[in-house]
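Heads up, the thing below is written out as structure tokens.
Each reported figure results from applying straightforward, stated rules to the coordinates on display, with no laboratory input. All values derive from a computational prediction rather than experimental measurement. Neighbour counts are summed over all protein chains in view; Cβ atoms, including those assigned to glycine, are modelled from backbone coordinates with ideal geometry.
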Amino acid sequence: MEEERRVSCIVCPLSCVGDVTIADGKVKTVAEFGCPRGEAYAREEVIAPKRMLTTTVRVSGGQLPLLPVISRQLLPKDKIISCARCLANVTVSAPIKEGDVILSDILKLGVDIVASRDLDAI
């Protein structure tokens, strides 16, 4: 059985929209995207969507109470909420440098969560 999906690309500001045909769990055709990046995004989006995670974690002894963090690589979209819940229980101690690993291999997904700014101690 074939299924057709309309996909809006989020890779660049053009936000191209195209059609993807899926058969037996695999991409059969991709049409109407303006560039190869949009086509690649659509192929992944319909089979195994991924997203970056940006959130905050608590800080002990820092100039601010929260530290912005980001996933170093894309995470499976269906794991984003679980990862955010996991990070809600994390508290780090200042000082922290941008790029420091805050949580290694979150939920055994092979993705590190890193600080996205410096934060000095008080």
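Of the listed requirements (1) in contact with a helix residue (DSSP H, G or I) (Cβ under 9 Å, 6 or more places away or on another chain); (2) closer than 30 Å to Asp118 by Cβ; (3) part of a strand (DSSP E or B), Cys12 misses just one: (3).
Among the residues of region 99-110, those identified as in contact with an Asp or Glu (Cβ under 7 Å, 6 or more places away or on another chain) and in a loop (DSSP other than H, G, I, E, B) are Ser104, Asp105. You will find that of Leu53, Leu75, the residue that is within 15 Å of the chain's Cα centre (by Cα), in contact (Cβ under 8 Å) with a residue 60 or more places away in the chain, surrounded by 17 or more Cβ atoms within 10 Å (Cβ to Cβ) and within 30 Å of Thr21 (Cα to Cα) is Leu53 and no other.
Within the option set Gly34, Gly38, being in a loop (DSSP other than H, G, I, E, B) and out of contact with any helix residue (DSSP H, G or I) (no Cβ under 6 Å at 6 or more places or on another chain) holds for one residue only, Gly34. Of the set (1) surrounded by 14 or more Cβ atoms within 10 Å (Cβ to Cβ); (2) more than 17 Å from the chain's Cα centre (by Cα); (3) of a type in the set (Lys, Arg), all apply to Arg117 but (1).
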